[in-house]
Structures are given as C-alpha cells and as structure tokens.
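Student: My questions will all concern the structure given below.
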Amino acid sequence: MSAPTTDADPIEAHVADLSAALHGPVRVKSRMVMDLRDGLIDAARDLSCGREPDHHAARQAVYEFGTVAEIAPSFQRELTIAQARHTARAVMLIVPFLFLCWYLAETWDGSTGHQLPDLVQLLVAHLGGIAASAAFLAAAALAATGALARWLPTPHQLPLLVAWTGTTAAVALAISALTLTLASVLATNWPLSAVAGVVTIAFHTRIAASARACRECARVTLAGP
C-alpha cells in the first residue's frame, strides 16, 4: 500500500486502498467499506476524547485497525461468499425458466402433431440433465453458505465450484438459445419461440457474468495475501 501524503485524510486513504484491493458484489462491498469507514471515524473520535478527530487520531485509528494487507483477506472471504451466493441464487431462479422454454419448444405445434427433429429433442434431454444438476449444486451451495454455515465451516473450494456450476448453466442456456432459434425457424408459432430464445440469451449473459465474477473472487481468495 502506498503511503498517503501528509495532507490526505488517513481514514479516507485507507478506505480507498482497501476498496481497490477487494473484489465482489458492488453493493455488499460498498456497505462493508462504509461500515469500516464509520468504525474508523468512531475509533478516531474516541482517541480524541469525543472531539472531532484530528490527523494524528485518524492515523492512530488506522494503525490500530491494521494495514490493508492484514485485513483484506477476511473482507475478501466474506465478499467471495456473497458473490457465490449471488451466482447460486441466479442459477436457482433462472433454470426453471429454462425448463419452461424447452417445454414450449418441444410442444411448439401440438395442434398439428409436429415435433422437433430427434437430434434436437435428444439435445434438449441432455441439456435438461445438465441444468438440473447445476440447479441441485446451486441449492446445496446456498444451504452450505446459509443455514448450515452456523454449524459447519464453508469449504474453501466451494465458491470456485459455484463459479463453474454457473458457467455450466450459462453454457446450457447458450445451447438452449440455439435450440429455440431452430425451433422458431421450424415452428408455425415462431414468434413465441423466437422471444423465448432472446430471453434465454439475456439470462445466459447474466449467469455468465455472475459466474465470471465468482471465479475472480475465488481466485483472489485462494491466492491469499
């Protein structure tokens, strides 16, 4: 961490350095950093005997709390868990919609008895199994980082597992979008399949971005100080 100038506010400089070192959900990170800032201000005020803290008191409060290198790992672990839960929750919410889209694709023209080609139906069946497995792993991750975390330690590799689970779900969504695009070409009710394909692509982008962020958080956490 670079040393702040003598005119800089030690607390603001410390908070800015910590924020730059952390990776994770923006809202959670912002709340954590602001809580730290408030805590440092309160500590500096106590050192000033209740008066408005001066530069020396602010520096002392920062010193007593610890350097960025010392405190960042614990903050980062909490952010990584938060990102893993965010990714797992996205998979849990989106996969049911994926099944709905596949159902619409398979029954695109039931009134005439038409069906999608056998190859497409086989692909959908395999994607369904992959998506169901991803949803199951996401549910297990939410439990492990939620209620079970009160009694059992969270495995260090769990966020990375969640990241790859999200990536797997994102790939399934991408292939599903291609499947729905094919269905829209073949179907007489093609607007419905086309819209479902576009929405599926949007969900793919959301899960892929969340999984990528989760992978980055897990990498930083596992790398350690």
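Student: Using 0.36 nm per residue of separation minus the Cα-Cα distance, give me the extension gain between Met34 and Leu178 in nm, one decimal.
Tutor: Extending this stretch completely gives an extra 47.4 nm.
Student: Taking the Cβ of Met34 as the centre, find all other residues whose Cβ is under 14 Å away and add up their charges (Lys, Arg: +1; Asp, Glu: -1).
Tutor: Within the 14 Å Cβ shell, the charges total 0.
Student: If you don't mind, another one. If I model a spin label as a point 7 Å beyond the Cα along the Cα-Cβ vector, how far apart are those points for Ile71 and Ala16 in nm?
Tutor: 1.7
Student: Give me the one-decimal nm value for the distance between modelled label points at Phe97 and Asp9, 7 Å along each residue's Cα-to-Cβ direction.
Tutor: Taking the simple label geometry, Phe97 and Asp9 are separated by 4.0 nm.
Student: At 0.36 nm per residue, minus the direct Cα-Cα distance, what do Trp164 and Glu52 gain on full extension? Give it in nm, one decimal, please.
Tutor: Taking Trp164 through Glu52 to full extension adds about 35.4 nm, to one decimal.
Student: Can you bin the stretch 38-95 into rounded, prolate or oblate? Criterion: square roots of the alpha carbon gyration tensor eigenvalues sorted a ≥ b ≥ c, rounded for a/c under 1.5, prolate for a/b above b/c, oblate for the rest.
Tutor: Values: a/c = 6.41, a/b = 2.91, b/c = 2.20.
The shape class here is prolate.
Student: Next up: How do His156, His86 stack up against each other in accessible area, from largest to smallest, with a 1.4 angstrom probe? Don't skip to the end; give the middle numbers.
Tutor: Working: His156 140, His86 85 Å².
Listed by decreasing accessible area, they come as His156, His86.
The values are calculated or read from the model by the stated rules, or taken from the named source; none is laboratory data. Here the structure is a predicted model, which is why all the values come from computation and not from measurement. Neighbour counts are summed over all protein chains in view; Cβ atoms, including those assigned to glycine, are modelled from backbone coordinates with ideal geometry. Areas reflect the complete protein model, heavy atoms only, side chains present, ligands, DNA and RNA absent. Shrake-Rupley method; radii C 1.70, N 1.55, O 1.52, S 1.80 Å.
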